[in-house]
Amino acid sequence: MVQANSISTLAKETFGAPLWATGIFTTIITAIVILGGVQSIARVCTLLVPLMAVFYIIGCLIILGINNEVLLPALVLIGKSAFTPQAAGGGFIGASVIMAARYGIARGLFSNEADLGSAPIVAAAAKTKNPVKQALVSATGTFWDTVVVCAMTGLVLVSTIMRYPGDFGAINGAVMTKRAFAEIPVVGPTILTVGLLTFVYSTILGWSYYGERSVEYLFGKRSIMPYRVGNEEISPGGEHQRTQHAPSPGCFSRRTSLRR
C-alpha cells in the first residue's frame, strides 16, 4: 500500500528509523484500531483529522510566508505551464492523451477518490438525522483535499524550487516536500512528518474499513474478524513498494463521516 510505504520513507528520512521497524510498528497500531471495529476507527480518526489539518496547513502557510517574494511568480509559472502551446499540443497527440488521462485520473483518485464510489461506504455508516446534511459533509472532502491541501502543497513545492533551484533533483514527492518544509527552522521536518503520518495512517484505517464492509457484503458477518486479522498480515510498509508521489492527504469527508 502506498500509504504504508510513505510512513516508512518519512520515518527513515526524518528519524533514521529502519523500514522494517516502521512497518512492524505501523502494523501493531493499525491492528489495535481495526480489531476494535468501526467505533474504534471513528474515535481515532476524529482525533487525527483536526491534528493533521492544523499541523500541515499551518506549516504550508509559514513556508508560503517565507517564500512570499516568489509566490506570485510561482502562480504565474503554474498558469503558464498549464496553458502553453507545448502543453496544449501534447494533449492532441494520441499517446499523450492516453498518458494524460491515465495520470490525471490516477492523481484525482489518489487525492480525493472523487467518483471512485468508496466514500459512500463510510457515509452510510454515519448516524445522522438529516441525510442531506451528511451528503454536504461528504461533498466537502474533494474541496478540502484538492482545492486547499493539494493546492497549498503545490505552491509550497513550486515556490521553494524557484527560490532554491539547485537543491531539488530527481527525488520523489515525499522527500521533495520534506526538503521544502526544512525552510522552517528546527521544527519544519517534524511538522511535516507528524502531519503526513497522520494523513497516511488515517487513510490506511479508512481503506481497511472499506475492505471490511465489502467482505461482509460478499461473505457475511462471520468473515469480518478473519478479514481484520488477515488484513494486518499483509499491510505493513516496506522496501518492496516505491512511489513517486507525496502521500495522499486523504479524504476529509471519509474520516469526518465516521460517527457510528
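The values are calculated or read from the model by the stated rules, or taken from the named source; none is laboratory data. No experiment lies behind these values; they were computed from the predicted model shown. Here the Cβ positions follow ideal geometry from the backbone for every residue, glycine too, while neighbour counts run over all protein chains shown.
Only one of these is assigned to a helix (DSSP H, G or I), under 28 Å from Val44 (Cβ atoms) and of a type in the set (Lys, Arg): Lys133, Lys129. Name it.
Checking each option against the conditions leaves just Lys133.
Could you grab me the full set of residues in segment 154-193 that are aromatic (Phe, Trp, Tyr) and at pLDDT 80 or above?
Tyr164, Phe181
So for segment 63-81 (the condition being part of a helix (DSSP H, G or I) and modelled with pLDDT under 65), does at least one residue qualify?
The first filter runs over segment 63-81 and keeps only residues part of a helix (DSSP H, G or I), leaving 63-66, 68-81.
This time we only want the ones that are modelled with pLDDT under 65, so: none.
No, segment 63-81 contains no residue that is part of a helix (DSSP H, G or I) and modelled with pLDDT under 65.
Counting only residues that are free of Cβ contacts under 8 Å to residues at least 12 places away in the same chain and either part of a helix (DSSP H, G or I) or among the small types (Gly, Ala, Ser) (or both), how many does segment 1-28 have? Before the answer, list the steps.
Filtering segment 1-28 for residues free of Cβ contacts under 8 Å to residues at least 12 places away in the same chain gives 12, 16-18, 21, 25, 28.
Of the ones still in play, those that are also either part of a helix (DSSP H, G or I) or among the small types (Gly, Ala, Ser) (or both) are 12, 16-17, 21, 25, 28.
Total satisfying the criteria: 6.
Can you list residue pairs whose Cβ atoms sit under 7 Å apart, with the first residue in segment 144-159 being crowded, with 20+ Cβ neighbours inside 10 Å and in a helix (DSSP H, G or I) and the second being among the β-branched types (Val, Ile, Thr) and at pLDDT 80 or above? Count only pairs 6 or more apart in sequence or on different chains.
From residues that are crowded, with 20+ Cβ neighbours inside 10 Å and in a helix (DSSP H, G or I), the pairs are Val156/Ile63; Val158/Ile78; Ser159/Val70.
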